[in-house]
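Remarks on the structure that follows.
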Amino acid sequence: MVNLPIALTATSGWGRFYAFSRDRGADWGSVWYLFEHYNIPVLGDSSSGALNLLSSGGFALACVGIAALALAAPRRPRLPQLCFLLLAAFLILNKVWSPQYVIWLVPLAVLCRPRVWAYVIWQLAEVAYFFGIWGYFVFLYRTPGEGGYGGVPTGWYFVILAARLLTVGLLASTVVADILQPERDRVRAAGLRDDPAGGALDGAPDRLVLVWHRGPRQPAEAAAS
């Protein structure tokens, strides 16, 4: 509703970001940039059409998987847990992953209350990437023969990039473990509320359930009682 008046009265300016996002290639920080650099078959296709299909299709599959996880979990996952998994999947599979995107993940990670060790490892990788990407730019764009700091070589940059991707995946895996084993969830283990950041979903009953898992599903309101 906020965007609609602008989209109708200044369509070209409003749509510039979306057109640019559609046409741009794999950018620094993304897994697709790594795939392209090492010429990975299929995944390293640099054409915008194929890249858009891979990125969008991968994210769509991730959304289906997260929805299935939410519906089949022993207890309805907390809202921040699902939001974190969706955002992490979007960033991992997006064509662009700028250093500042970490700001999106931090509040949701805190609300998820994952294991501290996984959070610390992820933050160390983010700090390393912050210095790594700017050092890589120095390496790419410095004048040949110029003295002083030589920057971060290509090989080390991709090691740091892979570490960043893997640590976000590791953190997401601890959130998935908390969803599949609600007794591990530190927020619910406190026994005070079911989903403190869930708003109207706090203590709400389940409406739709997939029952392929073993054992009875624990009702969401049990945690709030």
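Per residue, how many Å² of accessible area does segment 42-156 show with a 1.4 Å probe?
That works out to 50 Å² per residue.
Mind jotting down the distance between the C-alpha centroids of segment 1-30 and segment 44-118, whole Å?
21
Using a 1.4 Å probe over the heavy atoms of the protein chains, calculate the carbon and sulfur portion of the accessible area of the chain as a whole percent.
70
Taking only the C-alpha atoms, wrap a convex hull around segment 134-212 and report its volume per residue in Å³ as a whole number.
Hull volume normalised by residue count: 188 Å³.
Do you know the relative contact order of the chain, to the nearest whole percent, from alpha carbon pairs under 8 angstrom that are 6+ apart?
So the answer I get is 22 percent.
Residue by residue through segment 140-156, which ³J(HN,Hα) values in whole Hz follow from phi under the Karplus form 6.51 cos²θ - 1.76 cosθ + 1.60 (θ = phi - 60°), with glycine and proline marked x?
Result, ordered by residue: 6, 10, 6, 6, x, x, 5, x, x, 4, x, x, 9, x, 4, x, 5 Hz.
Enter the accessible area of Leu140 (Å², nearest 10), with the probe set to 1.4 Å and all protein chains included.
About 70 Å², ignoring ligands and nucleic acids.
For the chain, treating each Cα as an identical point scatterer without solvent, what Debye log10 I(q)/I(0) comes out at q = 0.13 1/Å?
Debye intensities relative to I(0), on a log10 scale: -0.91.
Fully extended, how many nm does the chain gain between Arg193 and Leu208 (0.36 nm per residue separation, minus their Cα-Cα distance)?
3.3 nm
Express the relative contact order of segment 1-75 as a whole percentage, based on alpha carbon pairs under 8 Å and six or more residues apart in sequence.
Relative contact order, segment 1-75: 18 percent.
Say each of Ser46 and Leu86 gets a label point 7 Å from the Cα, pointing the same way as Cα to Cβ; how far apart are those two points in nm?
Distance between label points: 3.5 nm.
Mind jotting down a quarter of the surface of the convex hull over the alpha carbons of segment 77-157, in square nanometres, one decimal?
Reported value for the Cα convex hull: 6.6 nm².
Show me the ranking of peptides 31-37, 53-59 by mean Cβ neighbours inside 10 Å, starting with the highest.
In decreasing order of mean packing, 31-37, 53-59 become 31-37, 53-59.
Can you run phi through the Karplus equation (6.51, -1.76, 1.60; θ = phi - 60°) for segment 33-42 and list ³J(HN,Hα) in whole Hz, with x for Gly and Pro?
The phi angles translate into 5, 5, 4, 5, 4, 9, 6, 5, x, 6 Hz.
Using label points projected 7 Å from each Cα along Cα→Cβ, tell me how many nm separate Val138 and Arg24, to one decimal.
2.4
Through the Karplus equation 6.51 cos²θ - 1.76 cosθ + 1.60, θ set to phi - 60°, convert the phi angles of segment 21-26 into ³J(HN,Hα) values in whole Hz; use x for Gly and Pro.
So the J values, rounded to whole Hz, are 5, 5, 8, 6, x, 5.
The values are calculated or read from the model by the stated rules, or taken from the named source; none is laboratory data. Not measured: the values here are computed from a predicted model. FYI the Cβ positions are ideal-geometry reconstructions off the backbone, even for glycines, and counts take in every protein chain you see. When the accessible area is computed, the model is the full protein with side chains, heavy atoms only, and any ligands, DNA or RNA have been set aside. Shrake-Rupley method; radii C 1.70, N 1.55, O 1.52, S 1.80 Å.
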